[in-house]
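Quick notes on the structure that follows.
Nothing in this text is a laboratory measurement; each read-out follows from the coordinates by a stated rule. Every value quoted in this text rests on a predicted model; they were computed, and no experiment measured them. Ideal geometry is used to build each Cβ from the backbone, glycine not excepted, and the neighbour counts take in all protein chains shown.
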Amino acid sequence: MTTISDILVIGGGIAGVSAAAEMAADATVNVLESEDVIGYHASGRSAAIFLRNYGNNTLRALNAAAEPVLKEPEGISDSSLLSPRGELMIATEAELNALEAYLDGAEGMERISPDEAVQLVPILRREKIAAAAIERNAQDIDVDRMLQGYARLLRKRGGKIVTSAPARQISFNDTIWTVETPTGKFQAPILVNAAGAWADVIAEMAGVRQVGLVPMRRSAILLPAPDGYDITHWPLFVTASEQWYAKPEAGKLFVSPADEDPVAPHDAWPDDMVMAEGLDRYEQAVTVPVTRVEKIWAGLRSFVSDRSPVVGFAPGADGFFWLAGQGGYGMQTAPALAALSAELCLGKLHALTPKIIADLSPGRLFNFA
């Protein structure tokens, strides 16, 4: 059986589902997900935080474009996907340059004293802090509500999500892309590659030049809340050079070693040594020792060389559209990249500037070859 649509999306994470939902307003769209549920890999393992100043200038522009949708997600949810959290950045003497680099061009960041930092997160070691700053408007993102909301919007607009449908073979003939899966064949003139860590694998299957995507493992640890402390309103707290970060999570403390180890695309699992080293760095900065770990897991953040996403039609491959390389910014940039992807695929006017679109285009990467 062959299923035909205007647009075919490979990847049922937040990138693919949100883009498909936007495209479905004006086109027939099918999404193919290799797992039996959507959002299984990176989307389901996100730290779930919106940081306006996170990333390079291109990403900061995407963050700004996405924020209004996250605050007022019309058609996606009845209420804001954001809730107050804040981000506290601390720096040792050795990290002062890293702090200044982060603050350069940042919006809404306020320098505070080390004493004020400890007032916000009482377990921090005062003697380790040389400087600090806070983004009070950093917000938690309700990841599941966002993903499921986009999925409902997609289906409401007539789009379909097919799970347990990994691409086995991809071919292009006479303006039509064909993807063969265990559940059947799917065809469309536009093929959107939103396969996350597997995006370069999909490109190779399709005979399209790869973009040099590097999946990197990011690990996470769930600790019990420190005894005697109400952590409910603590901000996310992070070192300026991102040696580790931590945030309250459903009454527990989520800690990450902030690792970025290059790996092959796979169903990620944590490395014991990486976890131990990360917890040691964290313990050196706080007054409460780690006595029990409740849960550990890992996900993959995928980057290209300049660490900006890759969004646009592939040079020399008619109808092959890249939506990949979101790194650790996928959740907070999804609304902006979904809208842009729909605009580019459907030939609409672009809400983002020509410079941002050029900075996202896959063609930029090949200019360095």
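Report for the chain the percent antiparallel among DSSP-assigned beta bridges with both residues inside it, nearest 5. Walk me through the numbers on the way to the answer.
Numbers: 51 of 72 bridges.
Antiparallel: roughly 70 percent of the beta bridges in the chain.
Give the Rg/Rh ratio for the range 200-247, taking Rg as the radius of gyration of the Cα atoms and Rh as the Kirkwood radius, to two decimals. Over the Cα atoms of the range 200-247, Rg/Rh equals 1.29.
Taking amide H as placed 1.01 Å from N in the peptide plane, the amide H of residue 313 sits under 5 Å from that of 322, each at least 5 places away or on another chain. With θ taken as phi - 60° and the Karplus curve 6.51 cos²θ - 1.76 cosθ + 1.60 applied, the whole-hertz 3J(HN,Hα) list for the range 305-317 is 4, 9, 6, 9, x, 10, 9, x, 6, 6, x, x, 9 Hz, x standing for glycine and proline. To the nearest whole percent, what portion of all C-alpha pairs in the range 25-109 is separated by more than 18 angstrom? Cα-Cα pairs in the range 25-109 separated by more than 18 Å: 64 percent.
Rg to Rh for the range 72-216: what is it, with Cα atoms only and Rh by Kirkwood? Walk me through the numbers on the way to the answer.
Details: Rg = 23.1 Å, Rh = 19.9 Å.
Reported Rg/Rh (Cα atoms, Kirkwood Rh): 1.16.
If you find the alpha carbon centre of the range 185-233 and of the range 236-252, how far apart are they in angstrom? Spelled out, the Cα-based centre of one part sits 21 Å from the other.
Based on Cβ point charges of +1 for Lys and Arg and -1 for Asp and Glu, what charge dipole magnitude is obtained for the range 228-296 about its Cα centre, in debye rounded to the nearest 20? Don't skip to the end; give the middle numbers.
On the way: 5 positive and 13 negative charges, 74 e Å.
Result for the range 228-296 is approximately 360 debye, rounded to the nearest 20.
Here's the picture: charge each Lys and Arg Cβ at +1 and each Asp and Glu Cβ at -1 in the range 73-139, and of 76, 137, 114 the one pushed furthest to the positive end of that dipole is 114. In the range 119-192, with Lys and Arg counted as +1 and Asp and Glu as -1 at Cβ, which of these residues, 165, 153, 175, has the Cα nearest the positive end of the dipole, that is, farthest along it? Of 165, 153, 175, it is 153. In a solvent-free Debye calculation with one equal scatterer on each Cα, what is log10 I(q)/I(0) for the chain at q = 0.06, 0.15 Å⁻¹, listed in the order of the q values? With no solvent term, the Cα-only Debye profile gives -0.23, -1.29.
The charge dipole of the chain, taken about the Cα centre with unit charges on the Cβ atoms of Lys, Arg (+1) and Asp, Glu (-1), comes to about 700 debye, rounded to the nearest 20.
Based on the Cβ-Cβ distance from residue 277 to residue 71, what FRET efficiency comes out when R0 is 51 Å, to the nearest 0.05?
Calculated value: 0.85.
Helix 272-285 axis versus longest C-alpha principal axis of the chain: approximately 40°, rounded to the nearest ten. Electrostatic tally near residue 182: other residues with Cβ closer than 13 Å to its Cβ, Lys and Arg +1, Asp and Glu -1, net -2.
Charging the Cβ of each Asp and Glu at -1 and of each Lys and Arg at +1, and nothing else, the dipole of the range 1-160 about its Cα centre rounds to 360 debye.
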